[in-house]
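Working notes, beginning with the structure itself.
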Amino acid sequence: MLTLYSFPTPNGRKASILLEELGLTYAVHRVDLAAGENKRPDFLAISPITKIPALVEDLPGGRVRRLFGSGAILLHFAERTGRLLPEDEDERAEAMSWFMLGVSDLGPTAIDMQRFAARAPDRIPHAIDLYKGELMRCYSALEDRLGAAEHLGGATYSIADIACFPFIAAAAVAGGGLLERFPNLKRWHDAMADRPAVRRGMAVPDMTAPD
Ligand SMILES: N[C@@H](CCC(=O)N[C@@H](CS)C(=O)NCC(=O)O)C(=O)O
């Protein structure tokens, strides 16, 4: 039995897209970040950094396995199922590189940009310019790569695509004309958004359902 602890944010959606792509059955526990539910002791025991997504798996013999962080969840299930990572070593290395760009550059930069541009009590132009520039570096790198390959890893759809998509989707709906400026990114975004598993994963957790 798998239980995903999540909230409708890009990092949370990476995990639900993965589970949907793999066709795994899972329960969803909504952790309301706005209400501070992530700071509760029971969630701290699952996610020591008190961030979603996290996942708990009940194993035979009463053992419980936890995973926290979208990167760990994506990599664990890709390795375990032998899916969503290219078999060819060169393509796998490429996919790993873009997967890490999604997890360690694009995601954190987008979140920090949001913190400084929309939520900081004081406007700090240097911080806003810095994160804008860093985000642009990510978008430009993705644009060039997607001009040369169908998916980020190459010919194979992989966890690299899943690690980047929710942050690109969030930027696309935020306005600013991201997809108009980056046509390769738009082609890839639209193809991803059309995948039924991506559509299902993006709708998790269901905010209209009782918790
Ligand atoms: N390294 C983690 C970061 C996860 C993360 O930043 N989660 C955010 C939501 S997208 C969160 O839980 N924020 C709550 C908080 O910062 O208190 C990952 O890649 O999943």
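The values are calculated or read from the model by the stated rules, or taken from the named source; none is laboratory data. Treat the numbers as computed from the prediction; the structure is a model and nothing was measured. FYI the Cβ positions are ideal-geometry reconstructions off the backbone, even for glycines, and counts take in every protein chain you see.
Side notes on the structure shown:
Table: residues versus (1) on the phi > 0 side of the Ramachandran plot; (2) within 14 Å of the ligand (Cβ to nearest atom); (3) surrounded by 22 or more Cβ atoms within 10 Å (Cβ to Cβ).
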| residue | (1), (2), (3) |
| --- | --- |
| Arg13 | no, yes, yes |
| Ala35 | no, yes, no |
| Phe43 | no, yes, no |
| Val56 | no, no, no |
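- Qualifying position, being closer than 20 Å to Asn11 by Cα, at pLDDT 95 or above, of a type in the set (A, V, I, L, M, F, W, C) and in a helix (DSSP H, G or I), among Leu146, Leu185: Leu185
- Where a residue in segment 189-200 is in a helix (DSSP H, G or I) and its partner, wherever it lies, is among the polar types (S, T, N, Q), with Cβ under 8 Å and at least six apart: Arg200/Ser16
- Filter pass, Arg181 being in contact with a helix residue (DSSP H, G or I) (Cβ under 9 Å, 6 or more places away or on another chain) and either over 22 Å from Thr109 (Cα atoms) or surrounded by 22 or more Cβ atoms within 10 Å (Cβ to Cβ) (or both): no
- Checked against (1) surrounded by 21 or more Cβ atoms within 10 Å (Cβ to Cβ); (2) under 19 Å from Cys138 (Cα atoms), Leu84 passes all but condition (2).
- Residues located in segment 17-32, provided they are closer than 15 Å to Gly69 by Cα and either of a type in the set (Phe, Trp, Tyr) or within 12 Å of the ligand (Cβ to nearest atom) (or both): Leu18, Val31
- Residue within segment 72-86 that is under 19 Å from Leu179 (Cβ atoms) and in a helix (DSSP H, G or I) present: no
- Residues being within 16 Å of the ligand (Cβ to nearest atom), touching a residue at least 40 places away in the same chain (Cβ under 8 Å) and of a type in the set (Ser, Thr, Tyr) - total across segment 58-114: 1
- Residues (in contact (Cβ under 8 Å) with a residue 60 or more places away in the chain, surrounded by fewer than 23 Cβ atoms within 10 Å (Cβ to Cβ) and within 18 Å of Asp194 (Cα to Cα)) located in segment 140-166: Ala155, Thr156, Tyr157
- Qualifying positions in segment 30-56 - outside any loop (DSSP other than H, G, I, E, B) and either in contact with a Ser or Thr (Cβ under 8 Å, 6 or more places away or on another chain) or modelled with pLDDT under 95 (or both): Arg30, Asn38, Lys39, Phe43, Leu44, Ala54, Leu55, Val56
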